[in-house]
Amino acid sequence: MKTSKSLFPILLFFFVAALATSATARAPLVTSLTPSSSLSSSSSLVSDGVDRASSDEPQLILLRHSAAPEEEKTCEQSYGFLPCTTTVLGNLFLILVYGYLMFLAARYLSEGSELLLEILGPGIVGGLFLPMLGALPDAMLILVSGISGTKEAAQRQVLVGMGLLAGSTVMLLTLLWGSCVVIGKTDLNGSIAIDSQDTKKFSLTGSGVSTDIWTSYAARIMTISVIPFIIVQLPQILHSSSGRHLAVLVALIVAVVLLISYCLYQVFQPWIQRRKLAYVKHKHVISGILRHLKMHSLGRLLGDDGEPDDNVLRKLFKTIDLNDDLQLSASELSALMIGIRFDEIDLDHDDAVQKVLRDFDTSGDAYIDENEFVIGISRWLNEAKRSLASTSLPGPRTSKFIDHFHLQTKQEHNLLGEQSDEVVENIDNPKWTSIKAVLLLLLGAAIAAAFADPLVDAVNNFSAVTSIPSFFISFIALPLATNSSEAVSALIFASRKKKRTSSLTFSEIYGAVTMNNVLCLSVFLALVYARGLVWDFSAEVLVILIVCIVMGLFGSFRTAFPLWTSSVAYVLYPFSLILVYVLDYKLGWS
């Protein structure tokens, strides 16, 4: 079984760690003292049994260590039994092991979430439950970084949580985002990427990825989610020290409200998508029928005044009325639909017939008479003209607006993204799959909760012995552990080189950052407020704001990303590190 095999590293860890962090023995020094010497109660005294000529008092031998106990470097074991060390290599080893365990936790949570989503589908589960589970490892590490110990110790350790929060956001939007563009690139035709066609190779402008409009919405939501960072930073911007605690509380409330709003949006998003997709399919029916009628009327659907020509429309009615009963039945409309090529979409002909009947049949008798047909087609023609009224297109008398209306509908449908290419798999044993999903979720949550605190301790110990700020360790190393499972999944999706999978990939990246900005930040702000810690993370917040706003605006107003855009993302990563270093350690912002 795959899950049981992956538990082997957890068991192996305790054995290897015990060997790597064994205590170091020190050779004792021998010092001779007389009884009049000042001896501590902890000293070990032994008589040599020989009388000295110069004194009748026996000489005593003091056995002691080479350094006083208070001078020795010590470490505190997590939970009282997990191994710890004061050496560089030992702490590095512990960071790698604990980081791998957090990676396992993230993977189990991801696998369990996918299984649960297959069974229950989107909505409540996909909108509320699964996004929070994805952010659970980060949230646990942030929580334990400052929940224990004295207030002074928490103030020092909470820097690990801030480093993880900033590092996770920056890594997702720079290294992972850029890599998904490189791996998922295909040939670009204007603003549309051609699925599975990669003949232009590494052309900076001719190769890239494209996404649907929902991905742009996700980028905009991510940009909005940085509002709590701005609120909590206002006292520092205004150079006020009195309102810092209140700013933390206000930012916490705003973050929680945004979290609830985001989850509700995720719950209703599938329904919104279906409604918009149904609407654009309706427009496909309109444009398809209008183009068909235009072809059979030789382009004379409009009169000289630019209004629908009733005589032409009545003649077209007679060509569709196959049995000459002066009314169109569902079967006659179906024959019309079959003769029209709806090659852009997977359109159900029966559904299209029902759409036409709902639009035209005002009498409700399930038939369309001649007058209903003329009125309905006239309304469609006017609707097509209105939709293009603001464009500088040829005049309506030429009937070219119908072709432009058709192209506009195709572009609209392309932006929405068709979901018919999703593979729906039947679950053979839903009961067992449900049990497996729950077990994976529980196992992942348990590992994340158990090893978050030891990982934070190992980072702090490593920072102490190397003099490397714990922020940079957590900024670079910890996101690799907590987000690696999501990163691998995103890269695999991107490698399929399809617009649908690219949209899902970038939507998940934006969604993960949004959860960092609302859920993980809520945990962080609650910790700072409850323990009365000082919010002093100006440089870190600035980095988060710059990366989120730049990449958020980048993804909000375009759906095509040529290969050159990946370089923007890659450059932002070292820029973030350098900026924090300069602001904190050169200019003394914190």
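Read-outs throughout are calculated quantities, based only on the coordinates presented, and are distinct from any laboratory measurement. Since the model is a prediction, treat every value here as computed from it, not as a measurement. In this analysis, Cβ positions are derived from the backbone assuming ideal geometry, glycine residues included, and neighbour counts consider all displayed protein chains.
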Next item on the list: Arrange the peptides 105-115, 552-562 so that the one whose residues have, on average, the most other Cβ atoms within 10 Å appears first.
Entry: 105-115, 552-562
Next item on the list: Let me know the Rg and Dmax you get for the stretch 137-277 when you use only its Cα atoms, in Å.
Entry: 20.6, 61
Check: Full extension from N429 to K151: what is 0.36 nm times the residue separation minus their Cα-Cα distance, to one decimal in nm?
Finding: 95.0 nm
Next item on the list: Grab the alpha carbons of the stretch 190-256, take their convex hull, and tell me the volume per residue in Å³.
Entry: 139
Note to self: I'd like the distance separating the alpha-carbon centroids of the stretch 230-247 and the stretch 448-480, in whole Å.
What the structure shows: 28
Next item on the list: Please list, in chain and number order, the residues 5+ apart from L302 or on another chain whose amide H is under 5 Å from its amide H, with Hs placed from the backbone.
Entry: D309
Item checked: Rounded to whole Hz, the Karplus (6.51, -1.76, 1.60) HN-Hα couplings of the stretch 206-214, x for glycine and proline -> x, 10, x, 10, 9, 10, 8, 5, 5
Note to self: Would you report the distance distribution of C-alpha pairs in the stretch 458-571 as whole percents per 5 angstrom bin, up to the bin with the largest distance?
What the structure shows: 2, 8, 13, 21, 20, 14, 10, 7, 4, 1
Margin query: In whole Hz and in residue order, list the ³J(HN,Hα) couplings for the stretch 250-267 that follow from phi through the Karplus curve 6.51 cos²θ - 1.76 cosθ + 1.60, θ = phi - 60°; x for Gly and Pro.
Written below: 4, 4, 5, 4, 5, 4, 5, 4, 5, 4, 5, 4, 5, 5, 5, 4, 5, 5
Next item on the list: List, in order, the whole-Hz ³J(HN,Hα) value for each residue of the stretch 76-86 obtained from phi through the Karplus relation with A = 6.51, B = -1.76, C = 1.60 and θ = phi - 60°; use x for Gly and Pro.
Entry: 9, 6, 5, 6, x, 9, 5, x, 9, 8, 10
Note to self: Taking 25 Å as the cut-off for C-alpha to C-alpha distance, list the pairs among K294/K410; K436/K498; K276/K436; K318/K355; K431/K497 that go past it.
What the structure shows: K436/K498; K276/K436; K431/K497
Checklist line | log10 of Debye I(q)/I(0), alpha-carbon scatterers only, for the stretch 257-378 at 0.16 Å⁻¹ | finding: -0.79
Next item on the list: Starting from the Cα-Cα distance between R314 and I549, subtract it from 0.36 nm times their residue separation and give me the gain in nm to one decimal.
Entry: 79.0 nm
Margin query: Give me, ordered by chain and number, the residues 5 or more places off S207 or on other chains with an amide H under 5 Å from its own placed amide H.
Written below: L188, L563
